[in-house]
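Read the structure below first, then the notes.
The values are calculated or read from the model by the stated rules, or taken from the named source; none is laboratory data. Fair warning: this is a prediction, and the values are worked out from it, not measured in the lab. Every residue, glycine among them, receives a Cβ derived from its backbone with ideal geometry; neighbour counts consider all protein chains shown.
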Amino acid sequence: MAFPIRTVNPLDINPSTGVGVSLNYATEGVFDTTYTTFQATKNNLLNFLLTGQGQRYLNPTFGFGLQSYLFEQLNNETSAALEDDIQSAIGELFPTVTVEELTINLLQDTNQLDITLTFSIGSESDTVNITLG
């Protein structure tokens, strides 16, 4: 019987070593340590999507800038353009991330964007929900 070969990132071998930092606004402290490369990549992905270009010191081209889409006219064309932009930006800057599903709901009455992104890295997958408005 064959067993699948599981590849492990060398950073994940030592479970007590922090790999990255998570910004969790729901807890008392500002920073939470992440211990796996999957969690660090997830936090980096969220940080990228919520950061506007020009906001990162000494790296003005970093960031996607979802907030700028709130001031656009929300319609199906905007939704399709946003979906294409997100997928191409993730493909360029996060080559290990595979976008499994990307759903953008436009709430035109309240001018809100509800984005659900399901992604995978290797055999692990997770879902990120972002509501802007």
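Quick notes on this one:
- Which listed residue is part of a strand (DSSP E or B), free of Cβ contacts under 8 Å to residues at least 12 places away in the same chain and exposed (fewer than 13 other Cβ atoms within 10 Å of the Cβ), from Asn129, Asn105: Asn105
- Top-ranked residue of segment 71-93 - restricted to ones that are surrounded by fewer than 12 Cβ atoms within 10 Å (Cβ to Cβ) and of a type outside the set (D, E, K, R), ranked as modelled with the highest pLDDT: Ser88
- Pairs are defined by a Cβ separation below 6 Å, a sequence spacing of at least 6 or placement on different chains, a first member in segment 72-94 that is under 11 Å from Leu106 (Cα atoms), and a second member that is polar (S, T, N, Q); the pairs so defined are Leu74/Gln108.
- Pair list, Cβ < 6 Å and 6+ apart or interchain, from segment 37-58 residues that are within 20 Å of Thr96 (Cα to Cα) to residues that are aromatic (Phe, Trp, Tyr) and at pLDDT 90 or above: Phe48/Phe64; Leu49/Phe64
- Top-ranked residue in segment 108-117 [being surrounded by 13 or more Cβ atoms within 10 Å (Cβ to Cβ) and farther than 17 Å from Thr41 by Cβ; ranked as modelled with the lowest pLDDT]: Asn111
- Counted residues, segment 71-102 - those being more than 17 Å from the chain's Cα centre (by Cα) and part of a helix (DSSP H, G or I): 7
- Qualifying residues in segment 20-36 (those that are farther than 26 Å from Thr98 by Cβ and assigned to a loop (DSSP other than H, G, I, E, B)) - the one modelled with the lowest pLDDT: Tyr25
- Scanning segment 36-56 for residues that are under 15 Å from Ile121 (Cβ atoms) and touching a Pro at 6+ places or on another chain (Cβ under 8 Å) yields no hits at all.
- Boolean, Ser120 is modelled with pLDDT under 90, on the phi < 0 side of the Ramachandran plot and either loosely packed, with under 13 Cβ neighbours inside 10 Å or of a type in the set (Gly, Ala, Ser) (or both): no
- Any hit, segment 41-62, residues being among the small types (Gly, Ala, Ser) and either assigned to a helix (DSSP H, G or I) or crowded, with 16+ Cβ neighbours inside 10 Å (or both): no
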